[in-house]
Amino acid sequence: MGSILAAFCLLASCWAARHIPFLQPYGATGLSLLVMGGCLTGMIALTLCVGIGNWQKLQHLAIRYRSLHGWIGIMTGSMLSVGFLAGTVTLFATPLQQWSQPHLPAQRNIPLADIPTILDRLTPPGTGQHPAPALHYRLTLTTPGSASLSIPVGPELPLGLPASQILVSQPAPGTIQLYQMIPSPVPNVIGGLHRRMGLPLPENWAMPFVGILCLLYGLALLSGVILLLPGIWRTLMTVRLEGHARRLWLDLHSLLGLCSLPFQLIIALTVALFAFAPLLPPCSGTEAMSPPHAAASSAPLPPITALKQMQNLAPEFQPLTLDYVLGPHGTDSLPERLALHAPLYNANGLRSLPPSDQPYLLIEGTDPHNPLIGRDRGAVLMAPHTGTVLDSQNLPGRQSLARHMLTWCLALHFGSFGGEFVRWLYVILGLCGVGFFHTANKLWLNTHRHKVPGQTAPVDTLATSWLSRLSEGTLLGCLLGLCGLVALSPFTSHLYPITALKDASSHMMEKACQQASLFYYALMLLSLLSYCVLPRRLCRGVVLALAAMFLSAAVLTVTLHHTATQTPVSPELTIAFAIASLCLWGGAFHTLRPRPNRQ
């Protein structure tokens, strides 16, 4: 009954977005909001249907919910803990890319007034057109009056692999030096692990499973609240360290769940949006791109003029990058990537890029006073030759009410509001989520162990023994794999000089991404196999020691590299990884140290 109601809510959301007149102008935005509302209604309906019956007292309802809550927890806890742990690292995707890249050439800061001149120097003599690679160039603002110039070698599609860049430096007036920088695929791999919750499947295959998982997750959250209600005032904020282990795991699980309940409910709803929006028919909205107003042969706006127009349009918006795409470009029409990306950062209704024959200027930046629809930035699309706004639905502070509501929902998922304080708060909440799922597994296993007459401690059955090993092995295997990827990241980013634009090679980013993924799953498999054949205490200590070794090696490698080249290194990420490695070393030594024999 509850499952039928949940499916009905999702189908009703899709039907309303297509057939109710006042919702059609909102297009994908309205559909996204309706999907989240349908998922919330479905989870509440599922929860209420379990309690329908002759029992009227809350205590009796709690007994009915306990079995449902426990079985959902043991089935989904390991995957959710992997998703939360990888998601915590994904909060630092951009800083990790910058942290792991090699020493960049000096003299990269070019005055904005000199950018058109440098682009003309990149044009072959005797032609009035830019070379093919220079049809797309990017300005990254470093100061209000200067920027670094780069040219992407390949297409950059939403949720796709990062493209290698041609970096342009100006060692002296009138001279140009070119470099090719190959970014690390590690942040992209970790982001994929987070979206798939560790499943070794293509994303378009994994997302339906993730969507079902998030509905069960929300159901477990709501049923857990009902379980807490009968004794909430007696055990609120109480952790009993002495006595039975089951009581300790129950207190920790209840405390972590109660403190992070709003955060986890938001995560469940937004993941449902990402997972189920691809499965629904496309909506018919009016979020279309305005046609271009100038011929592609005219000169593009100088960056100073574009920034002035941007300042007049949104004074509080702080631009970070300007992407000039002046020629034919790729469109992101792959259904699986489009479906994953459209609810998050859709700039053109049914496409995330303009039509392939339409040039555009994409200005990305941040706004300290408004939520951001992306992970760390908002954006506006303009005509590169006239400055006419093509699409501003992702521009913070300049959105419709429906789009602003969707932006807040997604900002609550990504923590893209409130600056660094909120990001570190989300790190704490993400780690609390990992502890919440791990304590759920421990609680279920302690509850289902066999009680032997005459013995105080319960004994593991075959099922609980293997589930315990797989649960702990999966969590620590994910930790080991993520630390291994962080240690691998400085060795997967390269920089080398080139003499001309045509000398840039198309690096096999897909192959590098596959190799990084295989490295992660090899470490995960190593952890699971060790838990299958070795004592759990020994496995726990060895895996923690290996994870600490990987993180320590990453910190040492990056610090020595930047010290040798006398370049600054990101202090917050270095300190965070150093503290995490010290905690892992402490956990490994505590686990492996000999324990005194009790008389």
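The values are calculated or read from the model by the stated rules, or taken from the named source; none is laboratory data. In this text, all values refer to a predicted model and were calculated from it rather than measured experimentally. Positions of Cβ are backbone-derived with ideal geometry, glycine not excepted, and every protein chain shown enters the neighbour counts. To get the accessible areas, we keep the full protein, side chains included, count just its heavy atoms, and leave off ligands, DNA and RNA. Shrake-Rupley method; radii C 1.70, N 1.55, O 1.52, S 1.80 Å.
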Going by the conditions given, is A580 out of contact with any Leu (no Cβ under 9 Å at 6 or more places or on another chain) and surrounded by 12 or more Cβ atoms within 10 Å (Cβ to Cβ)?
no
Output yes when any residue across the stretch 70-92 is at pLDDT below 85, closer than 23 Å to C432 by Cα, open to solvent by 50 Å² or more (accessible area, probe 1.4 Å) and not small (G, A, S), and no when none is.
yes
Could you grab the pairs with beta carbons closer than 9 Å, sequence gap of 6+ or different chains, first residue in the stretch 287-316 and modelled with pLDDT of 50 or more, second one loosely packed, with under 13 Cβ neighbours inside 10 Å and not in a loop (DSSP other than H, G, I, E, B)?
P302/A113; P303/A113; I304/A113
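Please find, among G433, G387, G418, the residue that is under 27 Å from the mean Cα position of the chain (by Cα) and touching a residue at least 60 places away in the same chain (Cβ under 8 Å).
Details: G387 fails: under 27 Å from the mean Cα position of the chain (by Cα); G418 fails: touching a residue at least 60 places away in the same chain (Cβ under 8 Å).
Unique residue meeting the criteria: G433.
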In the stretch 503-514, how many are in contact (Cβ under 8 Å) with a residue 24 or more places away in the chain and either part of a strand (DSSP E or B) or open to solvent by 80 Å² or more (accessible area, probe 1.4 Å) (or both)?
2
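Report yes if L523 is within 29 Å of the chain's Cα centre (by Cα) and surrounded by fewer than 20 Cβ atoms within 10 Å (Cβ to Cβ), otherwise no. Lay out the reasoning, then the answer.
Details: within 29 Å of the chain's Cα centre (by Cα): yes; surrounded by fewer than 20 Cβ atoms within 10 Å (Cβ to Cβ): no.
For L523, the condition - within 29 Å of the chain's Cα centre (by Cα) and surrounded by fewer than 20 Cβ atoms within 10 Å (Cβ to Cβ) - is not met.
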Do you know which of the residues in the stretch 372-404 that are outside any loop (DSSP other than H, G, I, E, B), closer than 20 Å to L139 by Cβ and of a type outside the set (G, A, S) is modelled with the lowest pLDDT?
D391
Given (1) touching an Asp or Glu at 6+ places or on another chain (Cβ under 8 Å); (2) without any contact (Cβ under 8 Å) to a residue 24 or more places away in the chain, number of the condition V459 does not satisfy
(1)
Can you run down the residue pairs with Cβ atoms below 8 Å, 6 or more apart or on separate chains, where the first is in the stretch 104-115 and among the acidic types (D, E) and the partner is modelled with pLDDT of 75 or more and in a loop (DSSP other than H, G, I, E, B)?
D114/Q170
If the requirement is being surrounded by fewer than 20 Cβ atoms within 10 Å (Cβ to Cβ) and modelled with pLDDT of 80 or more, which of these qualifies: L480, L467?
L467
Restricting to the stretch 458-472, name every residue that is more than 17 Å from T76 (Cβ to Cβ), in contact with a helix residue (DSSP H, G or I) (Cβ under 8 Å, 6 or more places away or on another chain) and of a type outside the set (S, T, Y).
P458, D460, R469
